[in-house]
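One structure is given here, and the rest of the page talks about it.
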Amino acid sequence: MVQTAALRADAPPPAIADAAILAATARVADGPLAAAAARIDHGEYPLPLMAELGAAGALGAHLDRNGGRFGLAISTMERASRACGATGFLMWAHDVCGLYMEQSGNPALMGAMLEDHAAGRTFGGTALSNPMKAFSGIEPLLFRARKVAGGYVVRGNLPWVSHIGRGQYCGAIAGVEGADGAVSHEIMFLLRCDDRADLRTCPTFSGMEGTSTFGIRLDDYFVPEADLIADPARPFIGRIKAAFILLQTGMALGVSAGAIASMREVEGPLGHVNQFLDDQPDALEEELDEMRTAILALAQTPYETAKDYLLNVLDARAQGAEFALRTTQAALLHQGARGYLASAGPQRRIREAHFVAIVTPAIKHLRWEMARLSREVQPAAGGAA
């Protein structure tokens with residue numbers, strides 16, 4: 001059912017060239033998206049701009065049907081995130097939802113619905129924050145399902161899911177309970193945000209309020225077989241996990257690039273004093289270039305499942321988050337009081353970087369996973385020589 005990297009060699013040729021997609025993305029990012037960034041940070045949900053990005057080809061480049069260009073998907077996300085980290089995050093949520101649909105092997109999710117999704121005519125996100133942590137042993141799985149004729153019935157609560165709203169959808173996971181209440185396995189499904197799903201307003205966050213984030217409560221929500229992404233879910237997650245995490249690096253690259261640009265903005269008036277700060281834009285630019293090169297190399301084989309590859313992906317994601325924290329703080333120090341204004345880009349990017357550092361998988365989650373995988377790949381003590 002799930003296509004592998006080897007099978008992707010037979011994917012159809014890209015419909016739109018990389019350069020054209022990047023140029024169209026840049027026009028949106030540098031124009032209307034940059035102008036709206038402060039409003040998005042305070043609550044404006046940028047669906048019209050997401051639609052423009054979809055029409056530009058920026059929301060479906062990673063799909064097999066478009067050549068499986070994960071590097072291009074990361075690059076478009078970087079360009080958007082440079083202008084607005086919240087929109088970069090929405091692109092990631094949208095991208096992985098499309099990934100779930102295409103890799104499901106379910107014809108009901110792979111036809112016109114996926115075409116509309118990839119083109120930005122419909123919108124959907126991902127509800128996998130809790131399941132990813134649950135699969136790592138960090139917290140319990142919150143959605144539970146039971147088998148019924150023709151599908152499953154799901155109940156439970158998730159505290160926050162982004163890029164959803166009435167008429168939208170997201171990928172979700174539930175543990176399947178037997179008659180004794182024990183969980184036998186998990187299912188993954190497309191959760192449709194219709195009148196069966198209770199969307200609950202979240203508390204106000206410190207930023208990125210325009211991500212349309214809600215809590216979800218389900219009471220006997222019926223999942224037909226046509227909406228199943230994977231049954232069982234764990235093998236499917238194992239196959240797409242690296243791709244899921246790797247796509248997030250576009251956010252870190254973009255927020256960092258925006259921070260470095262903010263530092264350069266004040267080189268003229270403040271360079272004489274900023275030279276005494278530890279982090280300088282030229283050196284940070286070199287680090288960013290090296291990080292980008294490493295990430296794009298990993299993006300050539302996004303469905304690889306070897307432990308050493310996954311360790312490299314986790315490390316790249318963690319380094320990206322840490323670098324975003326460092327560059328955004330440096331940008332604020334370079335800009336001084338003008339960067340501390342509530343409407344200033346450097347102040348906003350500090351909060352965007354904090355989000356990159358805590359969104360699943362957070363830095364602490366990434367380090368947890370790396371430690372677990374590193375223990376698994378070490379030879380057993382006292383083994384045969």
Students often check this: by mean Cβ neighbours within 10 Å, which of 160-171, 138-149 ranks highest, and how do the rest follow?
160-171, 138-149
If I ignore ligands, DNA and RNA and count only protein heavy atoms, how much of SER343 is accessible to a 1.4 Å probe, in Å² to the nearest 10?
90 Å²
Label LEU341 and ALA55 with points 7 Å out from Cα along Cα→Cβ: what is the distance between them in nm?
3.2 nm
Heavy-atom surface of the chain, accessible at 1.4 Å and reported per residue (Å²)
41 Å²
Would you mind checking the tilt of helix 85-103 against the longest principal axis of the Cα atoms of the chain, expressed as 0 to 90 degrees and rounded to 10?
30 degrees
5 Å is the cut-off here: which amide hydrogens, built 1.01 Å from N in the peptide plane, fall below it relative to PHE222, excluding neighbours closer than 5 in sequence?
VAL154
Stretched out fully, how many nm does the piece from GLU139 to ALA179 gain, at 0.36 nm a residue minus the Cα gap?
12.1 nm
In square angstrom, rounded to the nearest 10, how much accessible surface does LYS133 have for a 1.4 Å probe?
50 Å²
25 Å Cα-Cα reach of LYS364 towards lysines, excluding residues that sit fewer than 8 places from it in its own chain
LYS133, LYS241, LYS307
If one builds a Gaussian network model of the chain from Cα atoms under 10 Å apart, the most fluctuating residue listed among PRO302, PRO269, PRO224 is PRO269
Using only Cα atoms and rounding to the nearest 10 degrees, what angle (0 to 90) does helix 70-83 make with the longest principal axis of the chain?
50 degrees
Across the Cα atoms of the range 242-353, what radius of gyration and what greatest pairwise Cα-Cα distance (Dmax) are found, in Å?
15.5, 50
Against the longest principal axis of the chain, how steep is helix 363-377, in degrees 0 to 90 to the nearest 10, with axes from Cα atoms?
60 degrees
Can you give me the distance in nm between label points at LEU333 and ALA23, each placed 7 Å from the Cα along the Cα-to-Cβ direction?
4.0 nm
Would you list GLU265, GLU322 from the most to the least accessible area, probe 1.4 Å?
GLU265, GLU322
What's the FRET efficiency of ARG39 with ARG234 using the Cβ-Cβ distance as r and R₀ = 25 Å, to the nearest 0.05?
0.05
Give me the percent of accessible area attributable to carbon and sulfur for the chain, probe 1.4 angstrom.
56 percent
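Working from the alpha-carbon coordinates of the range 169-327, get Rg over Rh, Rh being the Kirkwood radius.
That ratio equals 1.11.
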Connecting C-alpha atoms closer than 10 Å in a GNM of the chain, tell me which of THR201, THR87, THR360 has the biggest fluctuation.
THR201
May I have the extent of the alpha carbons of the range 109-262 along their three principal axes, as whole Å values ordered from largest to smallest?
58, 34, 33
Which one of ASP231, ASP195, ASP116 has the biggest mean-square fluctuation once the chain is modelled by GNM with Cα springs under 10 Å?
ASP195
In the neighborhood of THR249, defined by Cβ-to-Cβ distances under 10 Å, what is the net charge if each Lys or Arg adds +1 and each Asp or Glu adds -1?
+1
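The values are calculated or read from the model by the stated rules, or taken from the named source; none is laboratory data. What you are looking at is a predicted structure, and each value in this text was computed from that prediction instead of being measured. Cβ coordinates were reconstructed from backbone atoms using ideal geometry, including for glycine residues, and neighbour counts include every protein chain displayed. Areas reflect the complete protein model, heavy atoms only, side chains present, ligands, DNA and RNA absent. Shrake-Rupley method; radii C 1.70, N 1.55, O 1.52, S 1.80 Å.
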